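The values are calculated or read from the model by the stated rules, or taken from the named source; none is laboratory data. Here the structure is a predicted model, which is why all the values come from computation and not from measurement. A quick note on method: Cβ atoms are made from the backbone with ideal geometry, for glycine too, and the neighbour counts reach across all protein chains shown.
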Amino acid sequence: METTMIKNVRAAEKKPSYFFREVSAIWAIFCREVSVALKSPGTLAMSLAMPLVMMGMIGGNLTQNMAGGLGFDFGLFMLIGMMVNMLFMVTSQGISTLVDDHEANFSEEMLIAPVSRYSIVIGKIFGSMFCAIISMMGTLLVGAMMGIIPTFGQFLAVLALSPLVCLSAGALAMLFIGIIKNRKVANMAVMLITMPQMFLSGAIIPIGNSTGILWLISRIMPMTYSLDLVRVVVYAGTPEYDSIVMFNPAVSVAATVAITVVCLIVGTFFYARSEKNR
């Protein structure tokens, strides 16, 4: 009897804990996404080329025509917004590859593994963050070429909050991707998610004086709060803080976390259900 009990105890000790198993699943999927990105030079090239269009052309034109009379450095304002926008946009595009996984039956193989569906989705989001960070670095490089150079502390602030921004972006994308199984439609959905937010969340155009329907839309966009939270950290202690930051930091944190959790739960539910009903 004692021998049997000892064997059971040893077996339990060798069995990985639930937490360790879920973390291992997230890490494995993250590594898989990074490996796929590294084997696709075109994907990495697009991650670097996108900032040239977004920051170089759109941002350059706005800097030349809107920089005057704002009361703060519009170049830095726009650079921080574009860095966050790149994190949001590229992460959302990365989540759209779930459609490819569906067509290749890889999603089905992941979902039969003894791990949480949330671990699978979170691993996918963090894997997509790899290319998003590359795009953010590309934006920083283009900004430097335009003479817009943040301090090292400001850069670290954006980098430190990038996982939360990417998690928010990926969770929002899951609402659409979880029920879409067509690559073309998925790409259109990503554009529908990201493009309006670039212009209406305050990424490149100040929205402090927005009213009516534009005010309402800006307040329901997740990137509005993620971006404002980043600017809270970047502009803390500076004279421009009150002119740039729109919300109390607690409001930005609560809104970002709430939107992320709700979107992650609902999106993952639809994703798992659609795969189960194949």
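Counted as qualifying within the stretch 57-112 are the helices (runs of 4 or more DSSP H) with 3 or more residues that are at pLDDT 75 or above and touching a Leu at 6+ places or on another chain (Cβ under 8 Å), namely 74-95.
Criterion applied to SER226, SER210 was being polar (S, T, N, Q) and modelled with pLDDT of 85 or more, and the one residue passing it is SER226.
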